[in-house]
Amino acid sequence: MGFGIVQILCTALLVIVVTWLLFFVVRSLLMIFFPKKQGRQLKVDVGNITLEELSKYDGRDPYRPILVALKGIIYDVSSQANFYGPGGGYSIFGGKEVSRALGKMAIAEEECNDQLDDLTEKELETLQKWIDKFENKYPVAGKVVPELKLTLDELAAFDGTQRPTPIYLAIRGIIFDVTRDCNDDLSDCSLAEMDALRDWMAQFYGKYKVVGRVVSSAERLEPAAGAVEAEDDVEQEEEADASTDKNKDD
Ligand code: HEM
């Protein structure tokens, strides 16, 4: 009788352990084969970027997603940071165009590019399989575009006067697109960014002459009373100067 109860208890325990193990194995397999397409809350959209810009998304900066490009299409592979992030078996692919490497099944930095001219039929097929896999697994985050080559004269056209043309500036020959931050909206600035802004203001106050203030179009049309008085004062001063000059001439 006592032996019967022990047997039932042992069987129940075994069933619980086996069920738990099965659940764990099935859940792990599901996570491997059907990972969540969108691992992060926000959809990443880097737009059209150069290979140099893409290299910033290699997983080393924890505030940036991990991106990989195949035939110029950029995928957000952050959901598999264990593969592509630092320390992952495929971390050298992070932030790169990897068509050639995947076609040739080569985990080598020098193969990370889009040169496909000398790939065999079989290698091109392999690449296509990778592309199919990436399309089904990862969200598209942007496109690779060639680097701009502009002379200083050509660069001058990107000065913000012809919106929606972007605003570019160059520092030591490298051209940056600064359109995003060329406005006075500070609503999404962090405390650190506001501190940085205060430092810049202090530098500008120390270095350059203040010549006025930015006003809204409405303020421009209806100048404030103080401004009208100031304008009158200037006019009177100019008239006084003119009459002094006239007297001198006489
Ligand atoms: C002994 C050889 C290899 C073994 C055993 C192996 C094994 C694996 C395994 C188990 C995965 C995870 C699969 C998944 O979760 O979908 C994986 C992923 C991957 N492997 Fe390999 N691999 C090998 C060689 C290579 C080579 C030579 C390349 C070069 C291109 C490569 C590229 C990749 C890539 C890019 C992924 C990530 C795929 C993704 O993002 O889903 N592997 N590999």
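It is to be established whether one or more residues within the range 83-100 are hydroxyl-bearing (Ser, Thr, Tyr), touching a residue at least 40 places away in the same chain (Cβ under 8 Å) and assigned to a loop (DSSP other than H, G, I, E, B). Within the range 83-100 (the criterion being hydroxyl-bearing (Ser, Thr, Tyr), touching a residue at least 40 places away in the same chain (Cβ under 8 Å) and assigned to a loop (DSSP other than H, G, I, E, B)), the answer is no, since none of the residues qualifies.
Go through the range 158-196 and report how many residues are outside any loop (DSSP other than H, G, I, E, B), farther than 21 Å from Ile49 by Cβ and hydrophobic (A, V, I, L, M, F, W, C). Within the range 158-196, residues that are outside any loop (DSSP other than H, G, I, E, B), farther than 21 Å from Ile49 by Cβ and hydrophobic (A, V, I, L, M, F, W, C) number 4.
Okay, residues lined up against (1) small (Gly, Ala, Ser); (2) in contact (Cβ under 8 Å) with a residue 60 or more places away in the chain; (3) more than 30 Å from Phe93 (Cβ to Cβ):
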{"residue": "Asp153", "(1), (2), (3)": "no, no, yes"}
{"residue": "Asp159", "(1), (2), (3)": "no, no, yes"}
{"residue": "Thr165", "(1), (2), (3)": "no, no, yes"}
{"residue": "Gly173", "(1), (2), (3)": "yes, no, no"}
{"residue": "Asn183", "(1), (2), (3)": "no, no, yes"}
{"residue": "Ser187", "(1), (2), (3)": "yes, no, yes"}
{"residue": "Glu193", "(1), (2), (3)": "no, no, yes"}
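Name every residue in the range 53-73 that is in a loop (DSSP other than H, G, I, E, B) and within 16 Å of the ligand (Cβ to nearest atom), in order of residue number. Across the range 53-73, the qualifying residues are Tyr57, Asp58, Gly59, Pro65, Ile66, Lys71. The set of residues in the range 120-149 being within 13 Å of the ligand (Cβ to nearest atom) and not acidic (Asp, Glu) consists of Thr126, Leu127, Lys129, Trp130, Ile131, Lys133, Phe134, Asn136, Lys137, Tyr138, Pro139.
Out of the residues in the range 97-115 that are more than 12 Å from the ligand (Cβ to nearest atom) and under 17 Å from Pro146 (Cα atoms), state the one that is surrounded by the most Cβ atoms within 10 Å (Cβ to Cβ). Result: Glu97.
The number of residues in the range 136-164 that are touching a Ser or Thr at 6+ places or on another chain (Cβ under 8 Å), loosely packed, with under 12 Cβ neighbours inside 10 Å and over 27 Å from Leu70 (Cα atoms) comes to 1.
Each reported figure results from applying straightforward, stated rules to the coordinates on display, with no laboratory input. Worth saying up front: this structure is predicted, and the values here are computed from it rather than measured. In this analysis, Cβ positions are derived from the backbone assuming ideal geometry, glycine residues included, and neighbour counts consider all displayed protein chains.
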